[in-house]
Amino acid sequence: MNVPFLDLTRYTSHCGGEMELAISRVNEIGNYILGNEVKSFEREFSAYCGAKHCIGVASGLDAITLTLRALGVKPGDEILVPSNTYIATWLAVSNLGAVPIPVEPRDDTYNIDPEKIEKEISEKTRGIIIVDLYGQPADASSVLEIAEKYDIFVIDDAAQSHGAMHRGQKVGSHLLASAFSFYPTKNLGALGDGGAVVTSDCEIEEKVRLLRNYGTKDKYVSLDKGINSRLDEIQAAVLRVKLKNLDAWNTKREELAKKYSKAFDGTNVKLPYVPTHLKSSWHLYVIGTELRDNLRIYLQKEGVDTIVHYPIPPHKQPAYAKDMAHLSFPVAEKIAEEVVSLPLYPYLTEEEHSYVIDKVLDFLSYSRRH
Ligand SMILES: *Cc1c(COP(=O)(O)O)cnc(C)c1O
C-alpha cells in the first residue's frame, strides 16, 4: 500500500464543485483584487476567530512582517522567537532589519519555554513572536505575564493553528494579533498563497490594511511606504468555501491523532503532549524517537511517506549560520534530529491510517528485538 503524506486532490473530490462555483462567481463579476470576496472572507474569518478584524494578505510571511511593521518594529530592535520554528518566523523579523533572538522550546510541547524568556530580554527587546507549532497553541498566558512586566508585545505566528484554542479562546482572539498562512497544506489552505492578520486592535488593523496596499486608503494617495501584499478575490472565494469545513476537518484530524496516540501508547516513542487547557488544530502529528532516520527508511520502504518538520533549525540554516554559528540551541537541535511527522489529514482513509499504525508498530517491535 502507498500512503501519501498529504493528497490535496481529496479536498477537491469533497468540495471541488463548490470551489469552482465560487471561482465562477468571481469571474462573472470580473473584479479580482480587493472586492467583495475578500471583504466577506475577512468578516467571516474574524468572526470565526472571535476577533474584530481580519486583513487578508499575500502570505503567512507577510502577515507576520506587516504585523511587526504595524507595531513599529525598526532596524536594530530585538524580537524573541522560538529556536525551533519554521524559518518564516525569523525571516519576518530579519527582513525588517530587526534581530531575531532565539528562545528554546519546552521539549514536551515543542513550544517556546516561558521560563527561558526573561534572560533573553534586553534594552532593545520590543516583542515576542510565539508560534503554535504543529497546531498546538503556545503557552500564551505565561508569556504574556512576562511581556507585561517588561512592556513588550506578544504576537502569534498562527500559520499552523487555525481553529485551535487556548484556555477556551480561539487562536486569533487570545493575543494582540495573530498571523495566519493559507498555504495550500495548512489546515485552512487556499489554492495558492495567502495569509491574514487577525486582531481586535484598531490601530494594527488600520496600519496593516494600509501597508498591504501601497500605503493607500484612497486610490493613488500613499500615506505610508507600503507594499503589494493582497489576498486575491479567487483565493478569498475558495477560502470561504473551505472555512465552512474547517471545524469538521479539525475534528477529524483530532480523531485520527488520538487513535495514533492510543496505538503508540506504551511504546518508547515520544508522543504529542497536549495540556488539558489547550485544543490543538492537529496540523501535524509528530512523534519523536532516536531511531527516527531508520524508522523513516523503513516506512518509506513500506510505502508510507513521512516528513521531518524541520530538519535544520533556523540558526543552522546557511542564511543565518554566519551570524549564529557560535551559538547552540541544544533543545532545538535535538528536536530536529528526533521528530518525524506521520500522515494526518481529514481525508486519510481508515485503511491508510491503520496501515501506518501497523508499520510503525512493526518497526518498533523489530528494533526492540535487535
Ligand atoms: C507556513 C508557515 C509560515 C509561512 O507561511 P507562508 O504562507 O508560506 O508564507 C510561517 N510560520 C509557520 C510556523 C508556518 O508553518
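Note on the stretch 288-306: among residues that are closer than 20 Å to Asp107 by Cβ and of a type in the set (A, V, I, L, M), the one that is most open to solvent (accessible area, probe 1.4 Å) is Leu291.
Could you please let me know if Phe180 is modelled with pLDDT of 95 or more, buried (at least 24 other Cβ atoms within 10 Å of the Cβ) and of a type in the set (Phe, Trp, Tyr)? Before you say what the answer is, go through the steps one by one.
Details: modelled with pLDDT of 95 or more: yes; buried (at least 24 other Cβ atoms within 10 Å of the Cβ): yes; of a type in the set (Phe, Trp, Tyr): yes.
Yes.
Considering Gly195, Gly172, Gly189, which residue is small (Gly, Ala, Ser), out of contact with any helix residue (DSSP H, G or I) (no Cβ under 6 Å at 6 or more places or on another chain) and open to solvent by less than 20 Å² (accessible area, probe 1.4 Å)? Exactly one of Gly195, Gly172, Gly189 is small (Gly, Ala, Ser), out of contact with any helix residue (DSSP H, G or I) (no Cβ under 6 Å at 6 or more places or on another chain) and open to solvent by less than 20 Å² (accessible area, probe 1.4 Å), namely Gly189. The residues on offer are Val57, Val38, Val3, and the sole one that is of a type outside the set (S, T, N, Q), in contact (Cβ under 8 Å) with a residue 40 or more places away in the chain and farther than 19 Å from Glu233 by Cβ is Val3.
Residues in the stretch 89-108 that are open to solvent by less than 20 Å² (accessible area, probe 1.4 Å) and either within 17 Å of Ala159 (Cβ to Cβ) or of a type in the set (Ser, Thr, Tyr) (or both): Thr89, Trp90, Ala92, Val93, Pro100, Pro105.
Check Ala332, Ala319 and return the single one that is buried (at least 19 other Cβ atoms within 10 Å of the Cβ), out of contact with any helix residue (DSSP H, G or I) (no Cβ under 7 Å at 6 or more places or on another chain) and not in a strand (DSSP E or B). Step through it out loud before you land on a result.
Values: Ala319 fails: buried (at least 19 other Cβ atoms within 10 Å of the Cβ).
It is Ala332.
Can you find, within the stretch 36-63, the residue that is most open to solvent (accessible area, probe 1.4 Å) among those that are away from the ligand (no atom under 16 Å from the Cβ) and among the polar types (S, T, N, Q)? Ranking the qualifying residues of the stretch 36-63, first place goes to Asn36.
The residues in the stretch 126-161 that are away from the ligand (no atom under 16 Å from the Cβ), outside any loop (DSSP other than H, G, I, E, B) and open to solvent by 10 Å² or more (accessible area, probe 1.4 Å) can be counted, and the count is 10. Consider the stretch 263-274 and keep the residues that are more than 27 Å from Asn245 (Cβ to Cβ) and touching a residue at least 24 places away in the same chain (Cβ under 8 Å). The one that is surrounded by the fewest Cβ atoms within 10 Å (Cβ to Cβ) is Asn268.
The values are calculated or read from the model by the stated rules, or taken from the named source; none is laboratory data. Computed from a prediction, not measured in an experiment: that's the story for all the values here. As a convention, Cβ positions derive from the backbone with ideal geometry for all residues, glycine included, and neighbour counts pool all protein chains shown. Protein only, heavy atoms only, side chains kept; ligands, DNA and RNA dropped before computing areas. Shrake-Rupley method; radii C 1.70, N 1.55, O 1.52, S 1.80 Å.
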